[in-house]
1. Considering only segment 35-54, I want to know if a residue exists there that is loosely packed, with under 12 Cβ neighbours inside 10 Å and either modelled with pLDDT under 95 or on the phi > 0 side of the Ramachandran plot (or both).
2. Taking segment 213-231, which residues are of a type in the set (Ser, Thr, Tyr) and either loosely packed, with under 10 Cβ neighbours inside 10 Å or in a loop (DSSP other than H, G, I, E, B) (or both)?
3. Scan segment 73-82 and give yes if some residue there is closer than 24 Å to GLY122 by Cα and hydrophobic (A, V, I, L, M, F, W, C), otherwise no.
4. Any idea which of (1) surrounded by 13 or more Cβ atoms within 10 Å (Cβ to Cβ); (2) among the β-branched types (Val, Ile, Thr); (3) over 15 Å from ALA95 (Cα atoms) is the one VAL177 doesn't satisfy?
5. Please enumerate the residues belonging to segment 186-212 that are more than 23 Å from ASN176 (Cβ to Cβ) and either basic (Lys, Arg) or surrounded by fewer than 14 Cβ atoms within 10 Å (Cβ to Cβ) (or both).
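The values are calculated or read from the model by the stated rules, or taken from the named source; none is laboratory data. In this text the structure is predicted, and so the values were computed from the model without any measurement. No Cβ is skipped: glycine too gets one built from the backbone with ideal geometry, and neighbour counts run over all protein chains shown.
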Amino acid sequence: MPHARPLVAVRRRGHRRHRGDHALRGRGIPPGTWIPAPSDPVVAAVNAALVLLIDHDLAVSTFAARVAASARADGYAAVSAALGAADSPLHVSAATRTARLLARVRRGLEPERALAEALQEGNGIPGFGHPLYDSVDDRADALFPLLATLPDGEGTMDAVRRLQDVVADRARLAPNVDLALAALASAARLPEDTAATVFVVGRTAGWIAHIAAEYAEPAMRLRPRGEYVGP
């Protein structure tokens, strides 16, 4: 994914005064704002996640966007439909559940106990298994190697491996992209909800592409019929 070059020279996380504060003001950016360089490992990892999450077949949110577009809802409304579907514990919100699970282990809770608490909340084991994959989620496999260079990558990956060992032994489920996103947020020392935020920002590009494609199809083609099965 292309990314913008820094507007001015900065010292990474050093908050040195920008040489071009006037240029920042012209773009609505407060003077003194830290602007990460594209070479920053955190930026590289987030960029990779955004690319990996652009599209993923007809996920629930993507299908919701296409249904809305099929009825000729405008683009904003169609994206809103996708956002509504995404805000569910078995879709994008699973990334937040996974981040909470990982945080518990990182705070010292044994993986078995952390997983038991997560299971009590319902909706399965967050961060593991996916209905489209029998084993490996390739998106997770692509992200995990990028975390070693992040500020807290070593401690995060240790917690990931401990969780993975317990789940593999008891449920035989592989890590999915939600665990990779939660690990990215943890390794970069970002808030827990970063995982879901990165997911939505990346997927929004895919939603817009699907919406545009649906506008080119006959209107109302995604209007299924129901079959009454009651008494």
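1. Taking segment 35-54 first, the residues loosely packed, with under 12 Cβ neighbours inside 10 Å are 39.
When the remaining residues are screened for being either modelled with pLDDT under 95 or on the phi > 0 side of the Ramachandran plot (or both), the result is 39.
Checked against the condition, which is being loosely packed, with under 12 Cβ neighbours inside 10 Å and either modelled with pLDDT under 95 or on the phi > 0 side of the Ramachandran plot (or both), segment 35-54 yields at least one hit.
2. First pass over segment 213-231, keeping only residues of a type in the set (Ser, Thr, Tyr): 215, 228.
Scanning segment 213-231 gives a single hit, TYR228.
3. Taking segment 73-82 first, the residues closer than 24 Å to GLY122 by Cα are 82.
Next, from what is left, pick out any that are hydrophobic (A, V, I, L, M, F, W, C): 82.
Yes: segment 73-82 contains one or more residues that are closer than 24 Å to GLY122 by Cα and hydrophobic (A, V, I, L, M, F, W, C).
4. Among (1) surrounded by 13 or more Cβ atoms within 10 Å (Cβ to Cβ); (2) among the β-branched types (Val, Ile, Thr); (3) over 15 Å from ALA95 (Cα atoms), the lone unmet condition for VAL177 is (3).
5. Once the filter is applied, which keeps residues that are more than 23 Å from ASN176 (Cβ to Cβ) and either basic (Lys, Arg) or surrounded by fewer than 14 Cβ atoms within 10 Å (Cβ to Cβ) (or both), segment 186-212 yields only ALA212.
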